[in-house]
Amino acid sequence: MNLEQLFIENKEQSISGRYLTLDAVVPLLKKLNTNNELSIIGQSVLGEPIYKYQIGKGKTRIFLWSQMHGNESTTTKGLFDFFNVLKSGSELANQLLDRFTFCALPMLNPDGARLYTRVNANKIDLNRDSQDLTQPESKLLRETFESFKPNYCFNLHDQRTIFGVNDSGKPATMSFLAPSYNEEREVNESRLKAMELIAGINSVLQQYIPNQVGRFDDSFNINCIGDTFQYMGVPTLLFEAGHFQSDYEREETRKFVFMALLSSYSILCENDVVLNGIDDYLNIPQNKPVFYDFIYKNIKINYDGIEKITNFAAQYKEELIEGKIIFNAYIVEIGELEGRFGHCVYDGEEALYSDNYQNFPELDQKASFNLGNNIKFVNGLIKV
């Protein structure tokens, strides 16, 4: 199976970038709804419809949801790319539809998506509401889970650019987790199935993003939806779509989400699950917060008349301004930056720092400054 070619053929061209709301998603759902596969199961806090898309007639029942956190859109894009495969009429599509029944909630938190926030309109993190079920979105997710009775759950998320693959200096472009079902993090039958499937997905992704797949922290929290569903005995896989080199719009990363989804179902179809795959799963390196978007090394600063050489780091904040996501870089750490990596690293070679403020870097200050007489940085980047 040529995953690269399948992605090119099925990429949904009408959606791109980081800001994805129902305005873009609803027309796609209606286009996909050729056989009454689409329904509205309820409303968000602010009255936005929450859609369910169910397709296929197979015995293995797959439950997927994305944008539980409204500002995490990459997996939603990958999900629609996958839907296009299912609607392609190809031999692969027919095989998948015969083997599986897919039930997807492709935008669980439409209010958060519109406001570009992690939380819903009541400022509640839906991924901490799986026990109390205080929010309408959480209740709809649980009701769909209970009525659909899935064999596997796919909990689809994004993660920030800060995450790398352990201390390798490689970004964690994709990370996965078979959530724990108890405090002791033991392995039961359902968790083992999730581990084995993730091990299989990893072996596929290593061909495309070698050493850029991480394993998410498995600390148990029953308030998290993945831990709850694992606790209830359903194999659950957490997807975390992360940073690929220079891909802040996550258009490359969506390809790897697509590949992970498609390869997982191919593995299940062919019964090619990695048996006794605990070791293979645990050998996936730990996801670790070791990255900054920018690191500036060997910068000379004049502080109270004393010159010294230092380093500092800047990180983008994603800010919704007039309907667009703007990446604004702010200084977040000053000092040795031991054990830290940068997606963009600049060696100042002891050039003197100056800016329009105090002429030395300060935390939470915009990353716009000069080095020496000739080099100007604007919003983290060299101005050409």
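The values are calculated or read from the model by the stated rules, or taken from the named source; none is laboratory data. Remember, it's a predicted structure, so these values are computed and weren't measured experimentally. No Cβ is skipped: glycine too gets one built from the backbone with ideal geometry, and neighbour counts run over all protein chains shown.
Side notes on the structure shown:
- Restricting Glu251, Glu196, Glu184 to those that are under 20 Å from Glu4 (Cα atoms) and of a type outside the set (A, V, I, L, M, F, W, C) reduces the list to Glu251.
- Subset of the range 157-199 (residues that are part of a helix (DSSP H, G or I) and either surrounded by fewer than 20 Cβ atoms within 10 Å (Cβ to Cβ) or not assigned by TED's automatic domain parsing to the domain that holds Ser66 (or both)): Glu189, Leu192
- All positions within the range 291-335 that are under 18 Å from the mean Cα position of the chain (by Cα) and surrounded by fewer than 20 Cβ atoms within 10 Å (Cβ to Cβ): Lys317, Glu318, Glu319, Ile325, Phe327
- Sole exception among (1) in a loop (DSSP other than H, G, I, E, B); (2) surrounded by fewer than 16 Cβ atoms within 10 Å (Cβ to Cβ) for Glu4, by number: (1)
- So Gln207, is it farther than 30 Å from Ile325 by Cα and not in a loop (DSSP other than H, G, I, E, B): no
- Checked against the criteria, Ser14 does not count as surrounded by 17 or more Cβ atoms within 10 Å (Cβ to Cβ), small (Gly, Ala, Ser), at pLDDT 95 or above and out of contact with any His (no Cβ under 8 Å at 6 or more places or on another chain).
- From Leu105, Leu86, Leu97, Leu92, residue being more than 30 Å from Lys317 (Cα to Cα) and surrounded by 21 or more Cβ atoms within 10 Å (Cβ to Cβ): Leu86
- Only a single item in (1) touching a helix residue (DSSP H, G or I) at 6+ places or on another chain (Cβ under 6 Å); (2) hydrophobic (A, V, I, L, M, F, W, C); (3) over 17 Å from Cys153 (Cβ atoms); (4) at pLDDT below 95 is not met by Val204, and it is number (4).
- Long-range neighbours under 6 Å by Cβ, at least six apart or interchain, first residue surrounded by fewer than 20 Cβ atoms within 10 Å (Cβ to Cβ) within the range 211-232, second of a type in the set (Asp, Glu): Phe220/Glu183; Phe220/Asp227; Asn221/Asp227
- Residue satisfying all of: in the range 8-33; touching a helix residue (DSSP H, G or I) at 6+ places or on another chain (Cβ under 7 Å) and of a type in the set (D, E, K, R); nearest to Thr117 (Cα to Cα) among these: Glu12
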